[in-house]
Amino acid sequence: PVANGLNGLQTLSFDGTADHLRSTSFSLSQPFSVYAVAKSTGTSGKGYLFDGVTDNNQRSLLAFHNGGKIQTWAGSWANTNLATPAGFVNISATFDSSNSRVVLNGNVVSGLNPSTRNLTNGITIGANCNANGDRFKGEMAEIIFFNKNHSVTEREEVEGYLAQKWGLTGELPTNHPHKS
């Protein structure tokens, strides 16, 4: 842990070479939404915030820097065309087949189609499903999973909570309802 990682709160540091967290009892099917506050400091591999566990048919993932872009995968790559950000960000991804989206600091990229695979045999945080590559290098402050596709209002409420807790309200768009 980083004692004073962000906004006076602890964060987890991932070294990009060996660090990851794993749970084989985690199970989540589409549609689902994930929210994170994280900062990438790496550029090698794809920088997975999360992935499944070993079975290629039970994987959904969020890559922080696949080719320098934020991308999702659940059977197919969906490129957001968002460049890998510097510094801590408030990021979310909703996996709902062709109705998927990624939101970076309140800015929505919708219409993504990463396909339909799930996280039904576990989850790996900070590396690929085999925990042998595509490691995340940086810090994670918080990661939250919900077993549904959130409405706009629900998404904005979670974004506001995370932004206020972690001191990132200045990163939200001016018209965000939970900016202050």
> Residue-wise, which Karplus ³J(HN,Hα) couplings in Hz belong to region 59-73, taking 6.51 cos²θ - 1.76 cosθ + 1.60, θ = phi - 60°, and x for glycine or proline?
Replying inline: 9, 9, 8, 10, 9, 7, 8, 7, x, x, 10, 7, 9, 10, 8
>> Through the Karplus equation 6.51 cos²θ - 1.76 cosθ + 1.60, θ set to phi - 60°, convert the phi angles of region 41-48 into ³J(HN,Hα) values in whole Hz; use x for Gly and Pro.
In response: 10, x, 9, 8, x, 10, x, 5
>> Given the whole protein assembly as supplied and a 1.4 Å probe, what does the accessible area of LEU9 come to in Å², nearest 10?
In response: 60
> When the accessible area of the chain is split by element with a 1.4 Å probe, what percent falls to carbon and sulfur?
Replying inline: 44
>> Quick query: amide H of LYS69 versus all other amide H atoms, modeled in the peptide plane; which residues come in under 5 Å with a sequence gap of 5 or more or a different chain?
In response: THR84
> Between SER110 and SER23, what is the label-to-label distance in nm when each label sits 7 Å out along the Cα-to-Cβ direction?
Replying inline: 3.0
>> With θ taken as phi - 60° and the coefficients 6.51, -1.76 and 1.60, list the Karplus ³J(HN,Hα) couplings across region 146-162 in order, rounded to whole Hz; mark glycine and proline as x.
In response: 10, 8, 6, 8, 5, 5, 4, 4, 4, 4, 5, 5, 5, 4, x, 4, 5
>> List the residues, sorted by chain then number, that are 5 or more residues from SER100 or on another chain and whose placed amide H is less than 5 Å from its amide H.
In response: GLY111, LEU112
>> Suppose we look only past 19 Å in the calculated P(r) of region 45-105. What percent of the Cα-Cα pairs does that tail hold?
In response: 24
>> Heavy atoms of the protein only, probe of 1.4 Å, neighbouring chains included. What is the accessible area of SER44 in Å², nearest 10?
In response: 80
> If amide H atoms are built 1.01 Å from N in the plane of the peptide, which residues on other chains or at least 5 residues away come under 5 Å of the amide H of LYS46?
Replying inline: ASP134, ARG135
> Could you give the dipole magnitude of region 129-180 about its Cα centre, charging the beta-carbon of Lys and Arg +1 and that of Asp and Glu -1, in debye to the nearest 20?
Replying inline: 80
>> Using the basic label-point model (7 angstrom from Cα toward the beta carbon), what is the ILE144 to GLN10 distance in nanometres?
In response: 2.0
> Along the charge dipole of the chain, which of GLY8, THR24, THR72 sits closest to the positive end, that is, farthest toward it, with unit charges on the beta carbon of Lys, Arg, Asp and Glu (+1, +1, -1, -1)?
Replying inline: THR72
> Based on the Cβ-Cβ distance from GLU157 to THR43, what FRET efficiency comes out when R0 is 41 Å, to the nearest 0.05?
Replying inline: 0.80
>> So, for the chain, what is the accessible surface per residue at a probe of 1.4 Å, expressed in square angstrom?
In response: 42
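The values are calculated or read from the model by the stated rules, or taken from the named source; none is laboratory data. Because the structure is a prediction, the values reported are computed rather than measured. Glycine gets a Cβ as well: all are built from the backbone with ideal geometry, and neighbour counts include every protein chain shown. We work out accessible area using only protein heavy atoms, side chains counted, and drop any ligands, DNA or RNA first. Shrake-Rupley method; radii C 1.70, N 1.55, O 1.52, S 1.80 Å.
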